[in-house]
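Comments concern the structure below.
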Amino acid sequence: MKHFSISFIVGGGLSVLFLMGALLSFFWTPYDVELLNIKGKFASPGLEHLMGTDHFGRDILSMVMVGTRNAIAVSLIAVGIGATIGVPLGLWAAATCMNGSRLIDELLMRGNDLIFAFPSLLLAILITAVFGPSIINAIIAIGIFNIPVFARISRGAALSIWPKEYISAARVAGKGVSRISYEHILPNILNLLIVQATIQFSIAIIAEASLSYVGLGSQPPNPSLGRMLNEAQTMIFFAPWLAYFPGGVIVALVLGFNLMGDGIRDLLDPKLRQKSITGKVSNDAS
Amino acid sequence: MTLLKVKDFSLSINDEIILHNINMEIKAGKVLAIVGESGSGKSMMSSAIINLLPQGAKLKGKILLNNDNLLDKSEREMCLHRMNDLGMIFQEPMTALNPLETIGTQIMEAIKLTNPKIRYKDLLKKAELILERVEMDKNRFPLNTYPHKLSGGQRQRVVIAIALSQNPKLLIADEPTTALDVTTQAKIMKLLMKLVKDYGIGIILVSHDLAVVADLADHIVIMRKGKVVEQGDTKTFFKSMKHSYSKQLFDAAKHKLYEKNITVGSEVLLEVLNLTKEYNLANKKPLKAVNNVSFTLNRGENLGLVGESGCGKSTLARCILGLEKFSKGKIHIAGRPFYGQKELRRCINVVFQDPFGSFNPRHTVERLVAEPFYVLKKPLTTFEKRVKVLRMLKLVGLGDGDLKKYPHEFSGGQRQRIAIARALITEPDIILLDESTSALDVIIRTQILDLLRDLTKKLGISYLFISHDLTTVKNITNRVLVMKDGVIVEEGLTAEIYKNPKHHYTKSLIEASPDITRAIKSKEENNNENTL
C-alpha cells in the first residue's frame, strides 16, 4: 500500500476541483458569460452573484469558470505540443550522442539553447505580435518554449539509460536505435516526463494569463483570467472582488498542479520511496 | 583472552526477524570468519556489533566487548567505542573514500579524533607511518594523493589504514575483497593476516566464499537465514562438519576440473583476426584496450578468456558482439565478416554480468525472453513465441507461472536463468558469457555453471566464457586464453594450463585464486608443525 504525501492529496484535490469546474462550464454556468446587464453592474459578491459582477454586469463566477476552462485547455495543448516535439528530439539527440556521431546531438542541443536564450514570455509576445493575437497563436507560442525543456530533460534521462546492459542486450538482438528508444528508453524515463509535464503545465497557466493580461491571448468576448485582471486594474479600489477571484484562481491552480507534480515525483521516484530493511534502496521502478 | 562475545543475540527490524539466537566468540589476535549466502544476515551481524543498524531495529541478547555489553551503551558511548576499539572495512573501496579529500586528510582526520591535541608535525608523521603499515610506499603515494588516482586494491589499503589509525582492538571486514581481482584479493588478505600477527588485532571476516577464508580463519561460523548453522575451529571444521548446508558450501567452493571427453568440431564458428581497439585520449597517445588479438572458436568448443579488470576482455566482448567499432582487424562469424549486420546477429548472443541491470524493469519475462526474436527474418506469431519462450523457461528451470512476472520479483540466480533463456531462445551458434556468474553467491554460481554446461551441450552451442576468476573458468571450459593489458599472453587447453602454466602472469593468477583443498592442506601442515 503506497502512502500518498500531503502535497499530493492537497495538490490533487485542488487540481481535480478546478478540472471539474472547468468541465462543468461546458454544460452549465450560473449566467451567460456574454450577457450584459448594465443595471446590475458592480454588484458585490452575494447570494445572487456568488462572486459579484463587473462593470458590464457580467457574472464573475461564470467568467472565472469559462476562463479557467480556457486556461487549462491552452496549457494542456501547449504542453502537449512541447512534449510531442521535445521528447523525440531529446531521445534522438541522446541516441546519436551514444552512437558515435555527435554532430546531430550538438546541432539539436545548440538549437535548444537558442530558444532557451529568449525569455520565454518575451518569445511568446513576439510570436503573438507577429502572427496576431489569438488563442491559437498563444497556444503555439507557449508550446514552442516548452519544446527545449522536454528535449533537454529527456536527453539527459536517456543518456543515463543508454549504458545499461539491457540496452546492450537489445542491440545484440539486432534492434535499431529508434526501436530501442521507443521500447526501452521511453518507458523508463516516463515518470520523469510526467512530473516535468505537471510543472510545465502550471508555468503554462501563468504564461497564458500573462499573455491575455497584455491582450495577446484569447480575444473578447471570450473570457480569460488574465484579461479579467487587466480590466479589474482600474476599478480595484471600489470593486476589489473583480481582481480577487481571477487572481486567486490563478494562484490556486498553479499551486495545485505544482503540489501534485511534487507528489507524483515522490510516488514515482524509487530513491525517495521507503527504504527496505537492508538499508538498500529498492531498484525497481514499476 | 576473549575479545568479543556474542551471546543469545537476536535482531528484528520492523518486526521481521533478521538474526536469531546468535552465539559466537572471538579472541584477540585471531580471525573469525562468518560465511553465508546473501541474505543470510552476515552483514547485519557485523553492523550490529558496531551498532550501525537501520531504523526500527530491535535487539535482544548481549554483545560483550571485553565483558562490557555494547547493547546497553548510549549512542555517545558507542561513538567512543567505535573510535577506540572497533574498526570497519567495507566491501566497496570505490565509494568508501571521499573523492574530494586527499588520502592524507582522511587518515589524519581519523587520527585526530582519538588524539585531538596532536601537533601537525606528529600528525603527518603518524599518517605516513600508518600508510607504511598497509604497505603503501610514501614516495609513490604521498599523503596528498587523491583517491581517484588509486586502483581498487590501493583504495582498500587506504580504507584499512583509516581503520587502523585508531588502533582498534577488533577489525570488522565485511567482504573486503569481493569487489577486487584475485591477485589483489590475495595481497589484501595477506596484509590483513600480517596485521593480526604483528599487532594482535582480532578480525571478523565476512565472506560468501568459503574458499577465500578457509586459508586465514581460525574459527568458521556458517550462517544461513539469520541463524548460525554450524561453527567450529578451522583445523577440524572441514572434517567434522555435519550440516548439509556446510557441505553444500564446501562442495561449491571445491572446483572440479572440466570433463575432457568433449568433441570439438572442425568447423570454425568465430574467428577473430588481429583485432585492435584504440581509444583516443586527450593529449596522450591512444590507449590500445585490445591489442592485436587473434583466436578462433570451433563448433562445440568451450573457450575461456581470463584476465583482471581493465585488461580489455569486456571491450573485446563488445567488439565481437558488434556493440563497439574496432580500429583494426577482422571478425568472422560462420565464415562471413561481421560488423553488426542483422543476418549474422542470430548466430551470437550474450549473457551479461549484472543480473539486476540486464533487464528492462518495465517488461514482463515473456517480453524480455522473446526480445531476440526480433532478429528473425520471418516474424513469429504471438502464440509461436509464447510456446518457444515457455519451452526455454522450462529448460532453464523456471515455471509457466513466471511468464507474466517482472524482473524485480526474481532473485539474482533466477534472473541469470532468465538471461540465459533470452540468450538461447533463437538457438544461436555462439553465446558470450561476460562475467555471467561473478555477481552470484557460490552455491548459486555452481548451479548456473552446471546449467550452462548441460544446456550448451544439449543444444550444441559453443561459448566464450569471460571471467576474472581462473577457478570458475577451469570448471567450465576446455580451452583458455589468458589476457593482460589487451594482449593474449597464453593460450592452451585448460587442464594443461592449470597444471603447467608457462607465462609468469598465468602462474600468479593460479597462485592467487582461492583454492579450498590447498587451504585445508596448508592448515593441516601448520597444525602438524605446531604439534611437533
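All of the numbers you see were taken from the coordinates with simple rules; none came from a lab. Computed from a predicted model, the values in this text were never measured in an experiment. Reconstructed Cβ throughout: ideal geometry from the backbone, glycine too, with neighbour counts over all protein chains shown.
General observations
- For the criterion of being without any contact (Cβ under 8 Å) to a residue 40 or more places away in the chain, in a loop (DSSP other than H, G, I, E, B) and under 30 Å from B:Thr471 (Cβ atoms), B:Gly310 passes.
- Exactly one residue out of B:Ser43, B:Ser38, B:Ser12 is part of a strand (DSSP E or B), within 12 Å of chain A (Cβ to nearest Cβ) and touching a residue at least 40 places away in the same chain (Cβ under 8 Å): that is B:Ser12.
- Enumeration of residues in the stretch B:55-80 that are in contact with a Lys or Arg (Cβ under 7 Å, 6 or more places away or on another chain) and not in a strand (DSSP E or B): B:Leu71
- Any hit, the stretch A:156-172, residues being closer than 27 Å to A:Leu267 by Cβ, more than 10 Å from every other protein chain (Cβ to nearest Cβ), touching a Gly at 6+ places or on another chain (Cβ under 6 Å) and hydrophobic (A, V, I, L, M, F, W, C): no
Matching residues to (1) surrounded by fewer than 21 Cβ atoms within 10 Å (Cβ to Cβ); (2) over 30 Å from B:Asn115 (Cα atoms):
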{"residue": "B:Ala163", "(1), (2)": "no, no"}
{"residue": "B:Ile204", "(1), (2)": "no, no"}
{"residue": "B:Ile220", "(1), (2)": "no, yes"}
{"residue": "B:Gly232", "(1), (2)": "yes, yes"}
{"residue": "B:Lys235", "(1), (2)": "yes, yes"}
{"residue": "B:Lys239", "(1), (2)": "yes, yes"}
{"residue": "B:Leu249", "(1), (2)": "no, yes"}
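- Entry remark, the stretch B:347-368: residues being of a type in the set (D, E, K, R) and within 8 Å of another protein chain (Cβ to nearest Cβ) number 2 in total.
Residues checked against (1) part of a helix (DSSP H, G or I); (2) in contact (Cβ under 8 Å) with a residue 40 or more places away in the chain:
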site: B:Val159; (1), (2): yes, yes
site: B:Ile172; (1), (2): no, yes
site: B:Pro176; (1), (2): no, yes
site: B:Leu195; (1), (2): yes, yes
site: B:Asp198; (1), (2): yes, no
site: B:Ser266; (1), (2): no, no
site: B:Glu271; (1), (2): no, yes
site: B:Leu275; (1), (2): no, yes
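- If you go through the stretch A:126-135 and keep only what is surrounded by fewer than 16 Cβ atoms within 10 Å (Cβ to Cβ) and closer than 16 Å to A:Gly226 by Cα, you end up with just A:Ser134.
- Checking every residue in the stretch B:369-378 against the condition of being facing chain A (nearest Cβ under 9 Å), under 30 Å from the mean Cα position of the chain (by Cα), buried (at least 22 other Cβ atoms within 10 Å of the Cβ) and without any contact (Cβ under 8 Å) to a residue 60 or more places away in the chain gives at least one match.
- Residue in the stretch B:136-149 that is in contact with a helix residue (DSSP H, G or I) (Cβ under 8 Å, 6 or more places away or on another chain), in a loop (DSSP other than H, G, I, E, B) and acidic (Asp, Glu) present: no
- Hits in the stretch B:278-328 - residues which are within 14 Å of chain A (Cβ to nearest Cβ), surrounded by 14 or more Cβ atoms within 10 Å (Cβ to Cβ) and charged (D, E, K, R): B:Arg318, B:Glu324
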